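The structure appears right after this line, and notes come after that.
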Amino acid sequence: MSTLRALQQRTLQAVLDDKPPRLRELRGDGLANASSRMDVYRQGYRIRLRTALEAEFPGLRLLAGKRFERLLESYVAAHPSGHYNIRWHGAGLAAFLEYARPWCARPALAEMARLDWLISTAFDAADEAAVSAMDLAGVPAVAWADLHLRAQAHLQIVPFTRNVEAFRRAADADGPRPRLRRHRRPRHLLVWRQALAVRYRPVEDDEHCALTAAMRDESFALLCDRMAEHHGPANASRRMAQLLRRWLDDGLMAGWRLQQDSM
Amino acid sequence: MIASIPRSLPCLGYGLGLRVEYYEALLEHPGPVEWLEIVSENYMVPGGRPLVWLDRFRQRFPLAMHGVSLSIGSTDPLDDGYLARLAALAHRIEPAWISDHLCWTGVQGVNLHDLMPLPYTEEALAHVVERVSQVQEVLGRRILLENVSSYIRFADAQLTEWEFLSAVAERADCLILLDINNIHVSAHNHGFSPLDYLDGVPAARVQQFHLAGHEQGGPLLIDTHDAPVVDAVWQLYVEAVSRFGRVSTMIERDDHMPPLAELLAELEHARRLAAPLLQDAA
């Protein structure tokens with residue numbers, strides 16, 4: 001190992017460790033000793049990561065309240081940053097809260113972190129044009145059964161057991177802390193970006209079923225079959241048309257094609 | 001007065017660091033801002049709002065790219081993915097130049113998100129020179145390297161900081177972004193003369209100046225970019241202009257963001273200080 005590499009490894013540990021050994025390579029002077037000079041980097045690392053995480057997790061900040069600072073400190077201590085963009089250190093926070101004590105005892109924290117992070121990543125996800133109702137106006141009536149829709153690549157549908165979206169909305173609006181509620185059964189939230197605005201909303205069971213089917217590249221005919229399971233054959237097409245209209249208005253779809261399903 | 005020093009890249013005049021807080025104000029009232037420096041990593045993203053704004057500014061201003069994560073001095077391998085994204089961004093906006101820092105930001109896959117100083121040794125010099133050459137080959141252009149503020153120094157240093165910076169620039173054939181505030185901060189923290197620093201840097205390789213504020217953290221000065229430029233740094237800027245002549249200059253502000261007018265006033269101050277020294281320079 002080169003002298004330079006060994007020095008960098010020891011310096012790295014001196015920044016990361018809570019009680020680092022003295023680095024004999026460092027020189028202090030009458031202005032400041034080596035240890036207090038090193039503290040500038042040690043403190044700076046922790047402050048920078050905490051500041052970056054605070055910006056990415058406003059919902060979690062509101063939900064965790066006074067615990068937020070300690071929560072971030074424990075995450076930063078357990079997980080050194082590995083990405084060149086400091087913001088991406090947030091990618092592992094939800095998983096950390098899911099398994100690390102004492103945070104794992106409050107599942108709402110991990111759920112909140114997951115929603116905050118989905119919103120953060122949608123913010124600068126790749127741009128795709130949105131399909132409009134006008135784009136589909138020319139599809140012949142007989143061909144609709146063979147229509148396959150392609151959702152925006154960044155679109156996410158995630159189950160939540162708590163009303164974490166209320167905390168995010170309150171945080172964005174600088175509003176009061178809502179009351180945390182547990183759903184009787186998991187509800188799905190849809191997170192996506194429409195043009196430049198990140199949006200999220202709950203989806204009902206039938207929409208979740210149809211939208212995930214569309215994301216699996218199922219044809220429009222199959223989507224209607226799935227609606228029939230929820231609403232009966234007589235109402236399936238009408239409900240599917242309603243959903244499609246909303247998907248197009250929301251800019252959820254990035255493409256479409258006509259292709260017969262293979263038998 | 002100072003004679004004109006030939007340089008390979010154009011002088012862009014007086015600019016600012018592009019920050020979200022000033023997006024709208026800069027487009028509506030750019031005032032005397034002649035160019036903008038972006039933080040490269042903020043725009044190395046797949047899409048969305050950052051790139052939309054960047055394209056708007058690209059239409060209105062010359063841009064320079066300034067990175068914080070190249071980690072040119074690290075003993076980890078260069079990050080090919082990072083370099084590819086950096087090159088893609090450069091292809092998109094065709095910046096006047098691309099800069100980063102003469103430092104290392106991490107090792108063993110860990111990123112400290114800080115500008116860690118190098119030991120100023122022959123071993124580190126050879127290592128950095130080799131990597132600058134690799135980066136310049138990937139990007140197809142010469143890069144600028146900036147001197148960092150530092151709080152530690154290594155006992156086995158064989159060169160001064162300015163000797164190290166100059167040797168990297170000469171041997172790797174790269175250019176220099178001279179941060180005047182960083183010279184002031186490090187000179188205070190390590191007890192060297194900032195004028196010795198200026199005198200030791202090859203003038204023809206100095207392509208850009210940074211000006212910024214700092215704070216007093218106990219006995220040390222800390223490079224925080226959260227306050228106005230102090231008088232001592234303005235005085236050092238005058239010394240720099242008297243040595244290096246007409247050099248693209250910009251104000252960096254990253255925290256405690258004031259109204260844009262305050263930064264524009266600082267920019268005007270820089271212009272007024274430099275003007276008498278540059279009257280005869282081309």
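We did not get these values from a lab; they are worked out from the coordinates using the rules stated. Nothing here was measured: the structure is a model prediction, and the numbers come from that model. Methodologically, a virtual Cβ is constructed for each residue, glycine included, from the backbone with ideal geometry; neighbour enumeration extends over all protein chains shown.
Bridges between two residues of the protein assembly as shown, per DSSP, are antiparallel at a rate of about 50%. The calculated pair-distance distribution of segment A:127-263 uses every alpha carbon pair, bins of 5 angstrom beginning at 0, and gives 2, 9, 17, 20, 18, 14, 9, 5, 3, 1, 0, 0 percent. The H on the amide N of A:Asp29, modeled in the peptide plane, is under 5 Å from the matching H of A:Ala34, each at least 5 residues off or on a different chain. Its residue count N sets the reference 2.2 N^0.38 Å, and the alpha-carbon radius of gyration of segment A:39-99 equals 1.05 times that reference. How are the Cα pair distances of segment A:95-135 distributed, in percent, across 10 Å bins from 0? Computed distribution, short to long bins: 26, 29, 23, 14, 8, 0. Rounded to the nearest 5, the antiparallel percentage of DSSP beta bridges internal to segment B:14-278 is 20%.
Mean residue ellipticity at 222 nm, helices only, the protein assembly as shown: -14000 deg cm²/dmol; runs of at least 4 DSSP H residues each add -39,500 (n - 2.57), and the sum is divided by the number of residues. With no solvent and one equal point scatterer placed on each C-alpha of segment B:150-194, evaluate the Debye formula and give log10 I(q)/I(0) for q = 0.14, 0.27, 0.31, 0.33 Å⁻¹, two decimals. Here the Debye-derived log intensity ratios amount to -0.36, -1.09, -1.18, -1.20. Using only C-alpha atoms and all pairs of different ones, pull out the Kirkwood radius for chain B in Å with one decimal. Evaluated over chain B, this radius sits at 19.1 Å.
Each Cα pair under 8 Å and six or more residues apart adds its sequence gap; the mean of these over the residue count of chain B is a relative contact order of 22 percent.
Can you list, largest first and rounded to whole Å, the semi-axes you get for segment B:124-249 by taking the square root of 5 times each eigenvalue of its Cα gyration tensor?
After scaling each eigenvalue by five and taking roots: 24, 18, 13 Å.
Shown for B:Glu239, A:Glu165: other C-beta atoms within 10 Å of each C-beta, ranked fewest to most, produce the order B:Glu239, A:Glu165. For every other residue with a beta carbon closer than 14 angstrom to the beta carbon of B:Leu18, add +1 if it is Lys or Arg and -1 if Asp or Glu, then tell me the sum. Once positives and negatives cancel, what remains is -2.
All C-alpha to C-alpha distances of chain A, sorted into 10 Å bins beginning at zero, yield P(r) values of 6, 23, 24, 19, 14, 8, 4, 2, 0 percent in whole numbers.
What fraction of the Cα pairs in segment A:205-262, stated in percent, has a spacing above 16 angstrom? Above the 16 Å cut-off, segment A:205-262 has 38 percent of its Cα pairs. Report the one residue of B:Leu195, B:Gln216, B:Pro276 whose Cα lies farthest in the direction of the positive end of the charge dipole of chain B (charges on C-beta: Lys and Arg +1, Asp and Glu -1; origin at the Cα centre). Result: B:Pro276, furthest along the dipole toward the positive end.
Globularity index of segment A:26-160 is 1.57 (Cα radius of gyration / 2.2 N^0.38 Å, N = number of residues).
Counting Lys and Arg as +1 and Asp and Glu as -1, each charge on the Cβ, what is the dipole of segment B:14-278 about the Cα centre in debye, to the nearest 20?
Dipole of segment B:14-278, to the nearest 20 debye: 780 debye.
Ordered by the count of other Cβ atoms within 10 Å of each Cβ, fewest first, B:Val20, A:Val164, B:Val129, A:Val158 give B:Val20, A:Val158, B:Val129, A:Val164.
Any idea what angle helix A:205-215 forms with the longest principal axis of chain A, computed on alpha-carbon atoms, 0 to 90 degrees, nearest 10? Roughly 80 degrees, rounded to the nearest 10.
Just want the ordering: A:Lys66, A:Lys19, from fewest to most Cβ atoms lying within 10 Å of their own Cβ.
Starting with the residue having the fewest Cβ neighbours, the order is A:Lys19, A:Lys66.
The Stokes-Einstein estimate for the protein assembly as shown, based on a Kirkwood radius over Cα pairs and taken at 4 °C with 1.567 mPa s viscosity, is a diffusion coefficient of 49 µm²/s. Taken as Cα centroids, segment A:17-94 and segment B:62-137 sit 22 Å apart, rounded to the nearest whole angstrom.
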